[in-house]
Amino acid sequence: MAAATRSRKRDDFYRDRRRRKVCTFCADKTVHIDYKEVNRLRRYLSERAKIEPRRKTGTCAHHQRELSVALKRARHVALLPYAPQHLRP
């Protein structure tokens, strides 16, 4: 009886856990993140043109650092916006 309730509690605990996100750059075996791939980089910007955090996108720490550098470079060359379209003067 006690073992059945214990296993039920364990099942309830794991039922609420979400599946871990996989880094798309690791899955594609990408060596370098290119700042000129605007369509790919745009996925990692929020609608307010902010860089999305790792917990939301699922990128690993190594690629998140590379991604932020690539996004900043693309912004500097004016391939990506610093501010969202609706907030610009």
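Of R40, R48, which residue is free of Cβ contacts under 8 Å to residues at least 40 places away in the same chain and in contact with a Pro (Cβ under 8 Å, 6 or more places away or on another chain)?
Values: R40 fails: in contact with a Pro (Cβ under 8 Å, 6 or more places away or on another chain).
Step by step, each of R40, R48 is checked, and only R48 is free of Cβ contacts under 8 Å to residues at least 40 places away in the same chain and in contact with a Pro (Cβ under 8 Å, 6 or more places away or on another chain).
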Note to self: Within segment 43-67, take every residue that is aliphatic (A, V, I, L, M) and out of contact with any strand residue (DSSP E or B) (no Cβ under 7 Å at 6 or more places or on another chain) and give me the one that is surrounded by the fewest Cβ atoms within 10 Å (Cβ to Cβ).
What the structure shows: A61
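Going through segment 17-42 one residue at a time, which ones are surrounded by 11 or more Cβ atoms within 10 Å (Cβ to Cβ), of a type in the set (K, R) and modelled with pLDDT of 90 or more? Before you say what the answer is, go through the steps one by one.
Here is the first cut: in segment 17-42, the ones surrounded by 11 or more Cβ atoms within 10 Å (Cβ to Cβ) are 21-26, 30, 33-38, 40-42.
Still in the list and also of a type in the set (K, R): 21, 36, 40, 42.
Of everything in segment 17-42, those that are surrounded by 11 or more Cβ atoms within 10 Å (Cβ to Cβ), of a type in the set (K, R) and modelled with pLDDT of 90 or more turn out to be K36, R40, R42.
In a helix (DSSP H, G or I), touching a residue at least 12 places away in the same chain (Cβ under 8 Å) and out of contact with any strand residue (DSSP E or B) (no Cβ under 9 Å at 6 or more places or on another chain): does that describe A70? Steps first, answer last, please.
Details: in a helix (DSSP H, G or I): yes; touching a residue at least 12 places away in the same chain (Cβ under 8 Å): yes; out of contact with any strand residue (DSSP E or B) (no Cβ under 9 Å at 6 or more places or on another chain): yes.
It is true that A70 is in a helix (DSSP H, G or I), touching a residue at least 12 places away in the same chain (Cβ under 8 Å) and out of contact with any strand residue (DSSP E or B) (no Cβ under 9 Å at 6 or more places or on another chain).
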Next item on the list: Using the structure shown, decide if R54 is within 11 Å of the chain's Cα centre (by Cα) and over 25 Å from H86 (Cβ atoms).
Entry: yes
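The values are calculated or read from the model by the stated rules, or taken from the named source; none is laboratory data. In this text, all values refer to a predicted model and were calculated from it rather than measured experimentally. Note that each Cβ is placed from the backbone with ideal geometry, even for glycine, and that neighbours are counted across all protein chains shown.
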